[in-house]
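A short write-up of the structure that comes next.
What follows is calculated from the coordinates using simple rules that are stated; it is not laboratory data. Everything numeric in this text was worked out from a predicted model, so none of it was measured. Using ideal geometry, Cβ is built from the backbone for each residue, glycine included, and neighbour counts are taken over all protein chains shown.
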Amino acid sequence: MTRRVVSLCFVFLAVAGIAAAQTIPIQTVPLVPADQFDIFPSYTLAMGGVSIAVPDTLYDPFLNPATGARHRAARFFSAPTFYSVSRNAGGGRTLPLGAFGSIGTWFGGLALALQQVDASRSPAPFPPSPLPLAGGSSVAPGPANLGPAPDTHGNALAFAMIGKTLPGSGLSLGGSVSWAKLRALDGVDLLYPGSARVTQFGETVDARLGLLKEWEGDRSFEAIVLHERFRMTHDVTFLDTFWNPGTQQFFQSARLERNRDFSKRWGVQVKYERPLAASGWRIGWLATANRMSQPNTPNTDALNIPQDPGRANAYELGVGVSRTYGPAVFGMDVVYQPIWSTTWAEASTPTTTSGGGLIPLGGRTIENGFHFSNALFRMGFSHELVRSVSKTAALQLGLAVRSVHYSLAQRDFVEVATRRLEQSWLEWTPTWGLSLRFPELELRYRGRVTHGTDRLVATPNQFIGIADARPLGIFPPSSLPPTLDGVHVITHQFSVSLPLR
Amino acid sequence: MITRIVGMAYLGLLVLATGCDGWKTPSEPPASIDAELRQSLGRWGTVPIGPTPTQAPALVDLGQALMFDKVLSGNRDIACATCHNPVSHAGDGLALSIGTGGSGLGPSRTLGPGRQFIPRNAPTLLNTGLNNPYLFWDGRVSGFGFGGGGPFQTPAGAALPSGLPTLLAAQAMFPVMNREEMRGVPGDHDRFGNVNELAAFGDSDFVGLWQAVMRRLLAIPEYVSKFNAAFPGTPTSALGFQHAATAIAAFETQALTKTNSPFDRYLQHDDAAMTTEQKRGALLFFGDKTRCASCHGGPLLGGQNFANAGVPQLGPGVGSGTPLDLGRGELFNQQEFYKFAFRATPLRNVELTAPYMHDGAFSDLDAVLKHYNDVPTALREYDASQLPPALQQTYHGEDATITAVLANLDGRLAQPLHLTEVEIGELVAFLKSLTDPSARDLTSLIPARVPSGLPVQE
């Protein structure tokens, strides 16, 4: 287990997208990205998520609505999905229901999902138990009207897609909208160590326009334009400790702090795929660009995030190959993600610098320049173990490795100082799956476990006994700076898909 | 064939993945000064102070009159407010106080003929209403009820009357007992030439003296009215000096609690309340380099413990240690552990309450911090010429005294702190952030007159 103190400036904490592809994640600490929104059925996610040269007719329409044209028949699907974070650090479950269908040259799809997310805070009570002050004082009971925080919260998600194939041209166009009403993003409650309750509410909308062009010879070109808006509010209730001089006791008073986590993202992606001359081989390329702005980030002591804006430009270049060899399919993707991001903090009052200068109200006090060089490797294969007219059984295995490396150049205009930081980590995600296909339905199971990620842990401090003070003074404990504790995330998904007619 | 190769490669990677954390050691990350400071504050239990209980107006009115009335002193020449004067921020601005027989107010107050300095500095009364667990420099009045005397431990032991609501009220019972401060010595005559009847009581006759003071007060009809208004359920015949002390404490609590400093606002999550320099100073104060907070921590920023800070010895001395002042050691029969240890004072509004330390050896905060920066050296090199001329001759700078003080120096101060001039400046800036602006001018607390008709500010 890796355990580290977290004290970083951090950008773009967690932006939930229902469909994660084409949005490039930006993280400066390896907080576990719990698979909260990895909820739709897929052929290839059990193969490490290879996607550039391996089509996935189940999952692709959620990413590029134009690929819904590949659904030849109406199908219903459901994919109960469960994830859990190790060390009892969180979990959740989702039940999506949906259908794809087509009428003439038109095609469309609709999916709804209900999701339940467990509170991910440490089970240890916080604030900690009362301890006496010198003189026999103690902590008075906290506000009685602050009941226990609920253990779980629910989200509702919806996806709608419509498209049209232009006859004779091999061209399909589609548009989709994903919307989620959110009351729980996994792990957010851990951003507020020492809080008594975190109430989240907000929504995210993801709108996409997609194009699919298919040529003879199994060549295809895809293009996507997306816009995503994410608006979450965190109402954080802290129980502040005060000293009551009248009773000589510490007492606690509730304080509500409202934090907003807003972001907007524009993205484009183009992807080309074609067979290679050699039998069974295919190759694909993709290029993605994201521009993201975050006018509000949550102000959390855990990560020293200033409640000030930031923006980022993220790019992705990838190449993938696959080979189909009889009953087996092998795929591999290599993706490089260069990202440039800038965040800054603004002075809330005129601020004197250590050099004697004055930063006016609204002037920048700190500027962080991040440069990421991330890489993503995915590989996986699928092998049909049993193949007959009445049923097909296939085994899938895969591995995804994500390497994150960034350098930070921080300019502190108050201290008149420049700091530099290099950081890197790896995330390993083995995947596995099993599918059974019958004429009347299709059953799938897939699982994945992500290693190399962390979860914030706020550890209550031990009280400070001043051994050499006269007499002993004892102060109430507070929390130590939060640490990152290594965890892994396991996701299981069972999906069923059956033709509607 | 290809699937076999891929399968083998996959299994190999899987084995690798399960044994790999994938971490590289991070370099030092930058942290925000506010996050760092708030963590430090939490470490020392320094939390905001809630409101003090509202005091009954009649009680405060009585307490104000008593605080400024010289009738409480044996010679009718000194009031509580003489040494705890609003003009001097509820202190007197003197290194060592001047008690009965003296004349004048504040730093210009002078000794009376044949009198000597009170051995210790008059601490400010600001924020004494916050219920400090120890009062007086040696903590001889404390909130620990062992040794008799109800819930408080005081020099009066079991003679302390019941019904005192707070430790501050218990403390207010004692200055009238002190011969140098207020009571006077046998043979003294008051300002009108009358015999000082309070001086005639024995030093251990607490009850007799307190009754005598009450006789003086209740001989004044206006006081009878004020006492009856303040204690409506108590017949006049049942009034004792504990009622007077209760009223004095109520006035102190109501009028002299000053906890709206920039630092207090910062504690209540106003990050902009303090300047960056003050925050840097606070980081030093609560950090490991100085560990100031190990004595001056908690919600009151001190007041909970005692330390021998190697303060130069000045003045006439106290008790069996005379001419030295053994501090809490005198209280505990010169027990080595407490020798030269004095209460670590709460620091709110410290900017306003110079001179500093138990004997006022340092005239400003800069001098205090330079002393703490290297206590052994500073004590040996103490320059007594900074003291008022009348006090210079009372400085005990001989080697034996310095050696005795350093022999029992608090372990936290034995080694130099190696603070730079800039850091000392930042610490001073932090200490100035503890000032409640409303404490800067307390003159509105001075009444125009008192029931005895004695002069208020002379």
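Could you line up A:Leu226, A:Leu157 from fewest to most neighbouring Cβ atoms inside 10 Å?
By the 10 Å Cβ count, ascending, the order reads A:Leu157, A:Leu226.
Please report, in whole Å³, the volume per residue of the convex hull around the C-alpha atoms of the range B:139-206.
Details: hull volume 6.3 nm³, N = 68.
Measuring per residue, one finds 93 Å³ for the Cα hull of the range B:139-206.
What's the lysine pair count for the range B:262-438 at a Cα cut-off below 22 Å, pairs eight or more apart or interchain?
Lysine pairs satisfying the spacing and distance rule in the range B:262-438 number 6.
At a 10 Å Cβ-Cβ cut-off, how would you order A:Phe413, A:Phe201, fewest neighbours first?
Lowest to highest Cβ neighbour count: A:Phe201, A:Phe413.
How would B:Ser444, B:Ser438 line up from fewest to most surrounding beta-carbon atoms within 10 angstrom?
With the fewest neighbours first, B:Ser444, B:Ser438 line up as B:Ser444, B:Ser438.
Would you work out the relative contact order for the range B:164-264, in percent, from Cα pairs under 8 angstrom that are 6 or more residues apart?
Computed value for the range B:164-264: 34 percent relative contact order.
Using the Kirkwood radius over C-alpha pairs as Rh, can you work out the diffusion coefficient of the range B:262-438 via Stokes-Einstein at 37 °C, viscosity 0.692 mPa s, in µm² per second? Provide the component values of the computation, followed by the final result.
Numbers: Rh = 16.9 Å.
Calculated translational D: 195 µm²/s.
R0 = 60 Å: FRET efficiency of B:Asn260 with A:Ser390, Cβ-based, nearest 0.05?
Efficiency for this residue pair is about 0.15.
I'd like the distance separating the alpha-carbon centroids of the range B:320-358 and the range B:130-206, in whole Å.
Between the Cα centre of the range B:320-358 and that of the range B:130-206, the gap is 18 Å.
List the lysines whose alpha-carbon lies under 21 Å from that of A:Lys164, not counting same-chain residues fewer than 8 positions away?
A:Lys213, A:Lys271
Can you compute the FRET efficiency between B:Asn228 and A:Ala254 using 1/(1 + (r/R0)^6), with r the Cβ-Cβ distance and R0 = 45 Å? Round to the nearest 0.05.
Rounded to the nearest 0.05, the efficiency is 0.60.
In vacuo Debye scattering of chain B, one point per C-alpha: log10 I(q)/I(0) at q = 0.08 Å⁻¹?
Normalising to I(0) and taking log10 leaves -0.50.
Determine, from the Cβ-Cβ distance of B:Ala219 and A:Thr247 and an R0 of 51 Å, the FRET efficiency 1/(1 + (r/R0)^6), rounded to the nearest 0.05.
Working: r = 38 Å, r/R0 = 0.74.
The calculated FRET efficiency here is 0.85.
At 0.36 nm per residue, minus the direct Cα-Cα distance, what do B:Ala158 and B:Arg440 gain on full extension? Give it in nm, one decimal, please. Numbers along the way, then the final one.
Details: separation 282, 0.36 × 282 = 101.52 nm, distance 3.94 nm.
Contour length minus Cα-Cα distance gives 97.6 nm.
What are the semi-axes of the equivalent ellipsoid for the range A:302-378, taken as the square roots of 5 times the Cα gyration tensor eigenvalues, largest first, in whole Å?
Whole-Å semi-axes of the equivalent ellipsoid: 47, 10, 9.
If you bin every alpha carbon distance in the range B:78-168 into 10 Å steps from zero, what whole percent lands in each bin?
Percent of Cα pairs in each bin: 17, 38, 30, 15, 0.
Zone of A:Thr353 (label point 7 Å along Cα→Cβ, backbone N under 12 Å): which residues in the range A:408-423?
Residues A:411-418 fall inside that zone.
Given an 8 Å cut-off on Cα distances and at least 6 residues of separation, report the relative contact order of chain B as a percent.
Reported as a whole number, the value is 21 percent.
Tell me the label-point distance for the pair A:Val496, B:Val195, using the 7 Å Cα-to-Cβ offset, in nm and rounded to one decimal.
Between A:Val496 and B:Val195, the label points sit 11.0 nm apart.
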